[in-house]
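What follows is one structure encoded as structure tokens, with my remarks underneath.
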Amino acid sequence: MEAGGDSLERRAKDLRLSLANQIISRRLGILAKKEGATILSGSSHAYDLYNLGFVRYASLEVTCRPENCQKALETVDQELRRALEFGFTASELKEAKANILEAYAQEAKSMGTRKSRDLSSAIAGRLVSREVFTSPADDLLRVEAELKKVNAEECQTLLKEAWEGAGEKLLLMTGNLELGNAEDTILAAYKTSQ
């Protein structure tokens, strides 16, 4: 991703990547609710840290019971690979678009009642991220128009760029579990999933 500040093109890409992450997070949420699930919850993230162009970050995070940690790693790895290889369905994209549009609509609806500290935090966050602070009403109009152009293939392409351009992967497990030789155990679970 190029270094630099804000642009409509960058925001359009960020929107598509956000849709992809939302769909994967939804898939993980559905898996977590199934009987015998190996995970309790999960989420997907990918972004350019502070829009500086030199720290790209992509992660999948799941919570599981200690006895399910190896199966949870397999679950999350396979869900990511499924999204990268096969993309997203039309119904998944439609739901993600509706969720994002609703979030922007709520922001626009409540913009006149924001607390000063929330508004100042939002302005500061945009400055740190090198983005122009814009009105939630304007954001809603922009996002509404952009969502009409989005297709599943674009979301999948940007997800691939985020993960394939991420370089080395870090497999991190935290919690109250004795794994013996943790590094070997984690790598073995990952290789089994692959």
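What is the residue count in the range 12-65 for residues that are open to solvent by 60 Å² or more (accessible area, probe 1.4 Å), at pLDDT below 95 and closer than 16 Å to R81 by Cα?
The total comes to 2.
If a residue has to be within 20 Å of E153 (Cβ to Cβ) and not in a helix (DSSP H, G or I) to count, how many in the range 18-46 make the cut?
2
The values are calculated or read from the model by the stated rules, or taken from the named source; none is laboratory data. The shown structure was predicted, so the numbers you read here are calculated from the model rather than taken from an experiment. Here Cβ is always computed from backbone atoms with ideal geometry, including for glycine, and neighbour counts include all displayed protein chains. Accessible surface is based on the protein model in full, side chains and every heavy atom, while ligands, DNA and RNA are left aside. Shrake-Rupley method; radii C 1.70, N 1.55, O 1.52, S 1.80 Å.
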